[in-house]
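The values are calculated or read from the model by the stated rules, or taken from the named source; none is laboratory data. Predicted model, so just to flag it, every value in this text is computed and none were measured. Heads up, the Cβs are rebuilt from the backbone with ideal geometry, glycines too, and the neighbour counts pull from every protein chain shown.
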Amino acid sequence: MQICETKSELRSALQKLRKDGKSVGLVPTMGYLHEGHMTLVRRAVAENDVVAASIFVNPTQFGNPEDLEKYPRDMERDLNLLRAEGVSVVFTPVPSEMYHANAQTIVETKDLANTLMGELRPGHFRGVATVVTKLFNLFQPTRAYFGEKDYQQLLVIKTMVRDLDIPVDVCGVPTVRETDGLAMSSRNVRLSDAARKAAPIIAQSLDHADTLVASGITVASLRQKIWDHIATETLANVQSIDIQDAYTLAPLDGKIKSDIVILVAVEFDPVLLIDQRVISV
Ligand code: PAF
C-alpha cells in the first residue's frame, strides 16, 4: 500500500495503478476508522480493480476550532486497517498541502448547503463540497463511497457531481450500527460512559417512528413524538428533528403521503450525534 503525503506523489501513484483502464474506487475519510468506514472500503474493493482512500481531517468543514482540535486521530491504526483490506493507495495530506495559502475558490450547493444541518453548522457543507471536489479532481475515481448516515452530505455530493458534470459514480452505503443500534461514528469515542449508554435512544426513536408512520400520522405530530421520546433521556439535548422529502429534502406538512427522511441531531454534551431514517410509504 502506497502512502502519499503530497498531491504529486498521489498523482504518480495513481497513474501507474490506473493503466490498462483499471477502475478506481475512492473512499474519502477523516480517519479514526470504524466498521462503518470498513464497510465502504469492502464495497469499494468488491466493485473496483483498485481501491484508494484519503485520510484528511478537513479544517474547512469545522465551524468550531475546539471540535477540529478534539477530532480523534490514529493514523497508524487507520493505515493498518486499510492495508488489511487490500487498499492500494492512501492520501494523507496536511492542510497546507491540501489548500493553497491564498485559496479563493469554494464549491457550494446553494439551497442544500444552507438548510437543516447546514443551518445548524454554517459553512459545513461548503467545506465538504469543496474538499470532496478537490479529492475527485486529484483521484479521478470511477466510483466514490459515502455513508448514508450523513444523508444531507450524500445529497450535497450527488447534487454537486450532477451540477458540475464530475465523471464519478457516487455510491451511498447503508449506516452500520453498534449492537444496541447506535450509528457508528468517530465521535462516539468522545461520549462519556453515561452518554454512551443513553445515546441508543436516537435509533430507538427512529424505530418507533417506523411504526408511527405505518399507523398514519401527520408530520408535526411525528416530529413531536420523536422529540419527546429522545427527551426522556436527561443527557440528550435535542438540537433538531427534521422530516423532509426523502429525495429533495423539501419541507413537508400534513399527513405523510410520500417517502420521507427523518434527520435527527442530538447533543450529548459536547458531542453532536446525527442519525437518519428513510421511510417509504
Ligand atoms: O464524511 C466525512 O468523513 C467527510 O465529511 C468527508 C466526506 C471525508 C469530507 O471531508
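Side notes on the structure shown:
- Residue list for the stretch 183-215, filter: farther than 23 Å from Gly147 by Cβ and without any contact (Cβ under 8 Å) to a residue 40 or more places away in the chain: Asp193, Lys197, Thr211, Leu212, Ala214, Ser215
- Ala246 being closer than 25 Å to Leu112 by Cβ, under 19 Å from the mean Cα position of the chain (by Cα) and among the small types (Gly, Ala, Ser): yes
- For Leu206, the conditions (1) more than 16 Å from the ligand (Cβ to nearest atom); (2) part of a helix (DSSP H, G or I); (3) surrounded by fewer than 18 Cβ atoms within 10 Å (Cβ to Cβ); (4) hydrophobic (A, V, I, L, M, F, W, C) all hold with the exception of (3).
- Of all residues making up the stretch 117-149, the number that are at pLDDT below 95 and buried (at least 20 other Cβ atoms within 10 Å of the Cβ): 3
- Residue in the stretch 139-146 that is closer than 17 Å to Gln61 by Cβ, touching a Cys at 6+ places or on another chain (Cβ under 9 Å) and within 13 Å of the ligand (Cβ to nearest atom) present: yes
- Residue in the stretch 147-162 that is within 25 Å of Ile3 (Cα to Cα), assigned to a helix (DSSP H, G or I), in contact with a helix residue (DSSP H, G or I) (Cβ under 7 Å, 6 or more places away or on another chain) and away from the ligand (no atom under 12 Å from the Cβ) present: no
- Restricted to helices (runs of 4 or more DSSP H) entirely inside the stretch 1-106, those with at least 3 residues that are more than 16 Å from the ligand (Cβ to nearest atom) and either at pLDDT 95 or above or surrounded by 15 or more Cβ atoms within 10 Å (Cβ to Cβ) (or both) are 7-17, 35-47, 75-84.
- Answer from Gln104, Gln153 - the residue that is under 29 Å from Glu9 (Cβ atoms) and out of contact with any Phe, Trp or Tyr (no Cβ under 9 Å at 6 or more places or on another chain): Gln104
- Of all residues making up the stretch 253-281, the number that are surrounded by fewer than 18 Cβ atoms within 10 Å (Cβ to Cβ), among the acidic types (Asp, Glu) and within 16 Å of Ala195 (Cα to Cα): 2
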